[in-house]
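See structure below.
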Amino acid sequence: MGRFAAGDYAAFETLYGRHKDAVYRYFLRATDSANAADGHQETWSRVVAKRGQYRGEGKFRPYLFAIAHNVLMDQFRRQPREAVSDVEAVADGSPERDAVNLEATERLNSLIAGLPNAQREALVMHKEAGLTIREIARVTGVTEEGVKSRLRYAMAKLRRGMRDYV
Amino acid sequence: MSDDWFDKTYRSEETPPPDLDARILKRARRATRRWAGSLVAAGIFTIAAVLVLAIMLANIELDVPPAERPAAGDVPPYPAAEGDCERSLSLVGPLGGPGRQDRTEICLAGDLLRADISWDGEPACPSHFSVAASPDTHVRLGGGSILIGSARYRCVDGVWTAE
């Protein structure tokens, strides 16, 4: 990010390639695909616009997700979230994945989509983006205990919903 | 609390559509280029401003006639005595070099004595200076210098030097 802030476009390409999927999925789990594309694009636009303000303290990913979090909150304010029903399970075509696994994945994605915003966000940041509890707390502005609690509730709900599959 | 079941079941393979990638990368490339362009423009502007300033300073320096430049060292003060002369005196003799007929006009006003020199040829030193004096201070030329009271003012290498 420091190199990009100094005007190196190739550094942005590297950053984008490394983090784009996690950001896109973060929005996809929280909203529909059209809004996910908007949120994803707005997040990266802000990264570009704020490159001069980046101080290089800590890792880039928490910084990136702090921006994504703000974008998502803006989206929620503009358009309160409704139940998401268009989350798609994606098959990768590998032969070892049978129909039961696909169904379980589809079920799990639906359950994640149905979680309360705060729980889902903590879960996606943790499982998808690989952020630590402390980083999630800093990004979302809650205490570490609060993040742990959200994750615990989220996992408990998912486990209950997946009882027939696991 | 083991999350193994979650990690085994959760699959996340979605990726942004290629056209979205292209849009974001294009925008970043444009912004980087614009930013680099503005950096270059700022650099050129700074260099131009420094050059203009340097030229202005050089002109100011060049516009000052040599005889008017403040001299360094042990020099009598420049400010002229103000007001009408209570006492005046005209002296002619070599101050800027042997054989010259430099004219010195002495004017006493208050407690300042001003010496105005009309150089016979190239100015050798600043053409005027003032020193503290009183009505009974003796002034005369001698030995290529101006004697004011007990002090002798001599033009040395373009500088009035008190001896």
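The values are calculated or read from the model by the stated rules, or taken from the named source; none is laboratory data. As the structure is a computational prediction, the values presented were derived from the model and not from experiment. Don't worry about glycine lacking a Cβ; one is built from the backbone with ideal geometry, like all the others, and counts go over all protein chains shown.
At-a-glance table
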item	result
Residue check for A:ARG107: at pLDDT below 90, within 14 Å of chain B (Cβ to nearest Cβ), surrounded by fewer than 20 Cβ atoms within 10 Å (Cβ to Cβ) and not in a helix (DSSP H, G or I)	no
Boolean, A:ALA5 is aliphatic (A, V, I, L, M) and closer than 17 Å to B:PRO18 by Cα	no
Segment A:10-54, residues that are at the interface with chain B (Cβ under 8 Å from one of its Cβ atoms), in contact with a Phe, Trp or Tyr (Cβ under 8 Å, 6 or more places away or on another chain) and hydroxyl-bearing (Ser, Thr, Tyr)	A:TYR16
Complete set of residues in segment B:21-38 that are modelled with pLDDT under 90 and among the aliphatic types (A, V, I, L, M)	B:ALA28, B:ALA31, B:ALA36
Failed condition for B:VAL52, given (1) at pLDDT 85 or above; (2) exposed (fewer than 13 other Cβ atoms within 10 Å of the Cβ); (3) not in a helix (DSSP H, G or I)	(3)
Those residues of segment A:25-40 which are surrounded by fewer than 19 Cβ atoms within 10 Å (Cβ to Cβ) and either of a type in the set (A, V, I, L, M, F, W, C) or modelled with pLDDT of 90 or more (or both), in sequence order	A:ALA34, A:ASP38
Single residue of segment A:127-166 satisfying the filter (more than 14 Å from every other protein chain (Cβ to nearest Cβ) and assigned to a loop (DSSP other than H, G, I, E, B)) that is surrounded by the most Cβ atoms within 10 Å (Cβ to Cβ)	A:LEU131
Subset tally (residues that are among the β-branched types (Val, Ile, Thr) and touching a Pro at 6+ places or on another chain (Cβ under 9 Å)) for segment B:106-139	2
